[in-house]
Amino acid sequence: MKGSDPGVNLAGESEDVVVLKAIAGDDLAFNELVLRRQSWLRSVLRRLSSDAILADDLCQDVLLKAWRNIGALEDHRAFGAWLRRIAVRAWVDWARSRKWNFESIDVDTVADTPVAGGAQTADQRLDLHAAISRLKPGPRACVVLFYGEGMSHSEIATATGLSVGVVKSHIARSTPRLRSYLLEWSKHG
């Protein structure tokens, strides 16, 4: 790959321009994309995994894969969705390698591990994150991608490898469960 003229500042360029340069093989343009997107990418992966260290590791893997494959991106306007798909697929692959069952819709069974940091933290701002972390991986992924990323049921199904019916079921069953967790914590907080 090649770089732009080191004196050129891409920070003021539109994402479309930067993505087109990165697709053309410009390393500095890809670095600019990393600067613009890494916080968002880490946030998505942290919500999916409920583990900051794992999310950071996966983020590195996702960015490396994106760098290697950006030349194959057909529509520069789809960069964000393309990057998100790579991230979701990386997390799903990691979770499945641990034999986590994404098809299970039994969200009534809460993980045995305690919620990191407890429920009472700075004005309860971590309650939603803590509640989401109590969901099993499949339902958690569907909820995070639907509500947090605004993905459609079919987009989630494609990204996770679940059927659309399972995605809808995960969201429908998890939403009241999350409300219940939050209501429980608000009564104790």
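The values are calculated or read from the model by the stated rules, or taken from the named source; none is laboratory data. Just so it is clear, the structure is predicted and the values come from calculations on it, not from any experiment. When we count neighbours, we look across all protein chains shown, and the Cβ atoms used for this are built from the backbone with ideal geometry, even at glycine. Surface accessibility is based on the protein's heavy atoms, side chains included, excluding ligands, DNA and RNA. Shrake-Rupley method; radii C 1.70, N 1.55, O 1.52, S 1.80 Å.
How many residues are surrounded by 18 or more Cβ atoms within 10 Å (Cβ to Cβ) and at pLDDT below 90 if we restrict to region 50-60?
Of the residues in that region, 1 qualify.
Does region 23-42 contain at least one residue that is outside any helix (DSSP H, G or I), open to solvent by 10 Å² or more (accessible area, probe 1.4 Å) and hydroxyl-bearing (Ser, Thr, Tyr)?
Within region 23-42, not a single residue is outside any helix (DSSP H, G or I), open to solvent by 10 Å² or more (accessible area, probe 1.4 Å) and hydroxyl-bearing (Ser, Thr, Tyr).
Against the condition modelled with pLDDT under 95 and more than 20 Å from LYS168 (Cα to Cα), how does VAL115 come out, does it pass?
Here the answer is yes, as VAL115 does meet what is asked.
Would you please list the contacts, defined by Cβ atoms under 9 Å and residues six or more apart or on different chains, that run from a residue in region 61-90 that is under 18 Å from ALA157 (Cα atoms) and open to solvent by 60 Å² or more (accessible area, probe 1.4 Å) to a residue that is not in a helix (DSSP H, G or I) and not hydrophobic (A, V, I, L, M, F, W, C)?
Cβ pairs passing all conditions: ARG89/GLY161.
Filter region 119-161 down to the residues that are of a type in the set (Val, Ile, Thr), over 12 Å from LEU48 (Cβ atoms) and either at pLDDT 90 or above or surrounded by 20 or more Cβ atoms within 10 Å (Cβ to Cβ) (or both) and list them by number.
THR158
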